[in-house]
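In what follows, a structure is listed as structure tokens, so that the remarks can point back to it.
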Amino acid sequence: MDSGQRRSWCRALTIGGLVALLLCCGWGESASANLLSNGGFEDGDTGGINGSGVPTDWFAWGSESGWHHDDAGKVIDTKAIKFWWDDTGVWQDFTVTAGEEYDFSVMALSVSGDPLIGWNGLLKAEFYNSAVGTEPGDVLASVEVDRYYSASDPLDEWVDVGGVVEAPAGADIGRIILKLADWQSTVGGSLNLDEAGVVLVPEPGTVCLLAFGLVVGLRRRRA
Ligand SMILES: [Ca+2]
């Protein structure tokens, strides 16, 4: 390879490095994949949430105080879930790395025809070590990430509920939990939930430094 070819290669690699820098610094987060399967509740039959209607790849507990439904105006795409009492909920597990941050989210809708009263919607995160187990007594950390607040959040529009949680030391399993909570003296109505998601929060500092180092290194070689 003569010096001209080498310069061309270096130029191409430098441009590649700059593109990588832009990608990881500017657009890295949007590329993160949802760690949940069937987060939109599109798969599985409709019905009682802890019976015939449990959504594919989700687990449910409690009595039949929830429904997997396809009610027009209360879904994103074709199906969603809803709860009307706090004795029932759903969860799904996914793989995590201790020390990494994860962005948990779900969309919540309370409609004026059946408004949630006296409850809040709750998004919880839990973490486990697979070698220990995933029973309630095995939990390493339990975090109440965010709520849909029935007293103050708007009716008839999807509200984005969520937040970022770091996986604690020893964790290799994360769990998202969706339910109602905060019973008050008078309760009623129901809350629809859809588009649940968990994404790994990228570490732009580390990745950008690597890309920056690549670009600087190539430029030095060219000099
Ligand atoms: Ca859906």
So, in the range 37-48, of the ones that are under 22 Å from residue 160 (Cβ atoms) and of a type outside the set (S, T, N, Q), which residue ends up surrounded by the most Cβ atoms within 10 Å (Cβ to Cβ)?
41
Condition check: touching a Leu at 6+ places or on another chain (Cβ under 6 Å), open to solvent by less than 10 Å² (accessible area, probe 1.4 Å) and within 16 Å of the ligand (Cβ to nearest atom). Does residue 127 satisfy that?
no
Would you say residue 172 is among the charged types (D, E, K, R) and without any contact (Cβ under 8 Å) to a residue 40 or more places away in the chain?
no
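Results for (1) more than 15 Å from the ligand (Cβ to nearest atom); (2) out of contact with any Lys or Arg (no Cβ under 9 Å at 6 or more places or on another chain), shown as yes or no for each residue.
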residue: 74; (1), (2): no, no
residue: 81; (1), (2): no, yes
residue: 85; (1), (2): yes, yes
residue: 92; (1), (2): no, no
residue: 95; (1), (2): yes, yes
residue: 100; (1), (2): yes, yes
residue: 110; (1), (2): yes, yes
Within the range 54-72, how many residues are assigned to a strand (DSSP E or B), small (Gly, Ala, Ser), more than 12 Å from residue 44 (Cβ to Cβ) and more than 16 Å from the ligand (Cβ to nearest atom)?
1
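The values are calculated or read from the model by the stated rules, or taken from the named source; none is laboratory data. Owing to the predicted nature of the structure, the values given are computational and were not obtained by experimental measurement. With ideal geometry, Cβ positions are generated from the backbone for all residues, glycine too; neighbour counts draw on all protein chains shown. Accessible surface areas use protein heavy atoms only, side chains included; no ligands, DNA or RNA. Shrake-Rupley method; radii C 1.70, N 1.55, O 1.52, S 1.80 Å.
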